[in-house]
Structure formats: C-alpha cells, structure tokens
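Student: Input: one structure, supplied below.
Derivation of every value follows stated rules applied to the coordinates shown; laboratory data play no part. Everything quoted here is computed from the prediction, not taken from an experiment. Neighbour counts are summed over all protein chains in view; Cβ atoms, including those assigned to glycine, are modelled from backbone coordinates with ideal geometry.
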Amino acid sequence: MGGSRTELAESAGITVWGEPINRIAGVASNYMRQVAFVIFLMWIQIAASASWAQEDGDVQKSPYAPTADFHVTPGQGYAGLTSFRFDASLCTDERDSCRQLLKRWDYDGDGTWDTRFAHSNLSFYTFESPGTKYPRLLVKDNSGYLDSCQVATLEVAESCPPPGFTMTDINPFSPTLGQSFSLSDGHNHRLLLWFVKPSK
C-alpha cells in the first residue's frame, strides 16, 4: 500500500487534525514574533527620544512631568565680574518635592548644557563674554519625566575700565620707589602695592 499516513487515514474515513493545528500554531507564533518586534521598536524610539530631549533641551512635556521655573539675580551685570545667582526653587511636581528634582543648566542658552543633573536649587555663574544671555533650565523627576523652560533674559555688559590716573611710588622702603603706575595700563593684570607703617 502506498501513500502517507494522512492519506491512508482519510481514505478510511478518519479525520486528521494534526497538520491543520500545526499550521495554525505556526501562524500564531509568527504573529506574536511580529508583535514583539513592533513593541521593541517602539521602546527604542521612546528611549532615544528621552535621551535626545536631555541633550538638546527640546522637551515634549508629559502630563506627568514636573513644571520647570526659575529666576536669576541680578538681571544685568558685567562680564568677568558679576556672579549671577540661578534659583530653581520655583519648580513643582505632583509626586516629588523641589529638592528631589534633578536640575541642569544652560547658562547662556546656546543649546549646550553647562552642568550635569544635580539636586541643588541654586547655581552661580560668571559670564566671561558680554552680550544677551538666554539661560535655560531642564528638570527631571524621579520617574524620569522632563520639563524645560527659559524665563529670563540677562544683559551682560563689558567690564568697567579702571580709572585713568597715574600713581607714583614714593615709599622709601618699596622696591619700586620712584616708578609710576597707570591703572589703565594694568587692566586685567594684577597691581602690586606696598604699604609700610611709618616709624615713630
């Protein structure tokens, strides 16, 4: 007798379900693999978006995210002289306190973060170059949700020039006795002055 077992069973009036069930199981298995692959791609996209948001500060706010807010004092100053005080204590979150939130600063608003994430609400910074600055704050809560804001504009002017007068050293005990010094010539340089208590 020839033919497969399935053909022989069907010729005898016996219904064989093994192969159809195997085909259904194979289709279901392929479908589940496709679903798992799609979920994996979605997870990669979400993780990449979160990383990009942290680096570039362009955050699409989630309804569960904290609210970033801050203020800076003073509102204007001088390059190389003024220490600006950045205060993020205005940030809020439904689950975490302000001190639990992580903060990161872009002091001049050039798109590059100048600090790492830290819990501190206060930060101080002195600009080395004059111009208009657009400071930006990025906030992250314990669940990883992000928010950013830019609420202040700072005006940083050129450093004040020193007075343009000349001093002559008349201290008889000074190694620079008789030499003259112009403060304008000493701009951005250290100026050494000698003071000696006069003898009685």
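Student: Give me a comma-separated list of calculated 3J(HN,Hα) values for the range 65-81, in order, Karplus coefficients 6.51, -1.76, 1.60 applied at θ = phi - 60°, integers in Hz, x for any Gly or Pro.
Tutor: Calculated HN-Hα couplings, in order: 6, x, 10, 7, 7, 6, 9, 10, 9, x, x, 8, x, 10, 4, x, 10 Hz.
Student: With the contact rule set at Cα under 8 Å and sequence spacing of 6 or more, what percent relative contact order holds for the range 71-157?
Tutor: Details: 185 pairs, mean separation 30.0, N = 87.
About 34 percent, as a whole number.
Student: On full extension of the chain, what length is gained from residue 112 through residue 177, given 0.36 nm per residue of separation minus the C-alpha to C-alpha distance? Intermediate values should be presented prior to the final figure.
Tutor: Numbers: separation 65, 0.36 × 65 = 23.40 nm, distance 5.08 nm.
Here the segment from residue 112 to residue 177 would lengthen by 18.3 nm.
Student: Under a crude label model (7 Å from the Cα following the beta-carbon direction), how far is residue 71 from residue 94 in nanometres?
Tutor: 2.7
Student: Taking 0.36 nm per residue of sequence separation and subtracting the Cα-Cα distance, how much length would be gained by fully extending the chain between residue 83 and residue 122, in nm to one decimal? Intermediate values should be presented prior to the final figure.
Tutor: Working: separation 39, 0.36 × 39 = 14.04 nm, distance 1.23 nm.
Additional length available on full extension: 12.8 nm.
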